[in-house]
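To keep things clear, I will list the structure first and then write my remarks on it.
The values are calculated or read from the model by the stated rules, or taken from the named source; none is laboratory data. Because the structure is a prediction, the values reported are computed rather than measured. Quick reminder, even Gly has a Cβ in these numbers, built from the backbone with ideal geometry, and neighbours come from all protein chains shown. Only protein heavy atoms, including side chains, enter the accessible area calculation; ligands, DNA and RNA are left aside. Shrake-Rupley method; radii C 1.70, N 1.55, O 1.52, S 1.80 Å.
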Amino acid sequence: MSRAKRPGEFELIARYFRPLAAGKAGALELADDAALIDLPPGRRLVVTADLLTAGVHFLNDDPPDCIARKALRVNLSDLAAMAARPLAYLLTCAFPESVEEAWVAGFAAGLARDQEEFDVVLMGGDTTATPGLLTLSITALGSVEPGRELRRSTAKKGDLIAVSGTIGDAALGLARLQGRLEPLAGDDRLIDRYRLPQPRISLAQQLAAVGLATAALDVSDGLAADLGHICEASGLAATVEAGRLPLSPAARNALEREPKLLEALLTGGDDYELLFTLPAGRRGELAGLPVTVIGHTEEGAGVKVLDPAGKVMALERSGFQHF
Ligand SMILES: [Mg+2]
């Protein structure tokens, strides 16, 4: 570790990470070997972890506060996918020498901001220097009432498929940041969607509370790929009508200019919207919720996407490939 550019591990923890654990008794000010967590009575612990690597999950020149918030939010989105209420998180960082103290300060400020927004607190973790890439891992802890959790494997034949918010904005935002897409109206919003996902925590809990969703996950790898995960886990097939995809005005503009982008919207990933199934007879209960029905499940296997003319689309890649 270069002492010239940033203080040592203990000093970094004391200066930037200990304040993030303040006020939570069980965090023990990050001074003990582990944390103590009280679960609300009658609730079950829900745990998830996500690893983010520079150049793969975020861009090297993304602002550090945005990287921090995204790292936390992708985990909160996984909790949302299970209809869990967030409790706390653990943070593990491997910092290359190029990371300076000001970067760590910005990173911690981003975490502080989102801790307030999502009512979570840092409970522990680890930091190390690395000769490799900047790598961040967050483990998020949440709770759910037993039996109210949402799963991928429980969709039923003939269910409707619905998705929250809009799809494809983050993929377009990333394409703009990487210069693969010409500038277009509403660029900033697309880039925001890539950098700062909005975990659908309250929507998922609303759906779970009335038992409306039969299966769910959050869209991280791309709508088509993630729907494939529900189908595989549930032993079903799905048909999606691309013409029903909920699109933001900016994505709609982009698509009008370049119809071939439809595939990128379906497979782009980083949406962090909630994709879920529900019984067809309960469609009316979606009224007033920020969700759109895009298709249905059926007997068989695999995901079929129909283009706006009703023709089956041949998708070259269904979503983000991790390896
Ligand atoms: Mg997920």
So, in the stretch 30-82, exactly how many residues are modelled with pLDDT under 95, hydroxyl-bearing (Ser, Thr, Tyr) and either within 16 Å of the ligand (Cβ to nearest atom) or buried (at least 19 other Cβ atoms within 10 Å of the Cβ) (or both)?
0
Residue that is most open to solvent (accessible area, probe 1.4 Å), among those in the stretch 130-153 that are without any contact (Cβ under 8 Å) to a residue 60 or more places away in the chain and more than 25 Å from residue 43 (Cα to Cα):
131
Out of all the residues in the stretch 230-253, which are surrounded by fewer than 18 Cβ atoms within 10 Å (Cβ to Cβ) and within 13 Å of the ligand (Cβ to nearest atom)?
233
Being farther than 23 Å from residue 220 by Cβ, loosely packed, with under 11 Cβ neighbours inside 10 Å and of a type in the set (D, E, K, R) narrows it down to one residue among 316, 256, 298; which is it?
256
Are there any pairs with C-beta distances below 8 angstrom linking a residue in the stretch 76-103 that is assigned to a strand (DSSP E or B) to a residue that is acidic (Asp, Glu) and more than 16 Å from the ligand (Cβ to nearest atom), with the two at least 6 apart or on different chains, and if so which?
86/119; 92/126; 93/126
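Looking for something under 20 Å from residue 198 (Cβ atoms), touching a helix residue (DSSP H, G or I) at 6+ places or on another chain (Cβ under 6 Å) and of a type in the set (Ser, Thr, Tyr) - is there at least one such residue anywhere in the stretch 289-300?
No: the stretch 289-300 contains no residue that is under 20 Å from residue 198 (Cβ atoms), touching a helix residue (DSSP H, G or I) at 6+ places or on another chain (Cβ under 6 Å) and of a type in the set (Ser, Thr, Tyr).
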Select from the stretch 108-119 the residues that are open to solvent by 10 Å² or more (accessible area, probe 1.4 Å) and within 27 Å of residue 40 (Cα to Cα) and list them in ascending order.
112, 113, 115, 116, 117, 118, 119
Going by the conditions given, is residue 85 more than 16 Å from the ligand (Cβ to nearest atom) and surrounded by 14 or more Cβ atoms within 10 Å (Cβ to Cβ)?
yes
Filter the stretch 113-133 down to the residues that are among the acidic types (Asp, Glu) and farther than 15 Å from residue 70 by Cα and list them by number.
119, 126
Would it be correct to say that residue 113 is away from the ligand (no atom under 16 Å from the Cβ), of a type in the set (Lys, Arg) and under 23 Å from residue 273 (Cβ atoms)?
yes
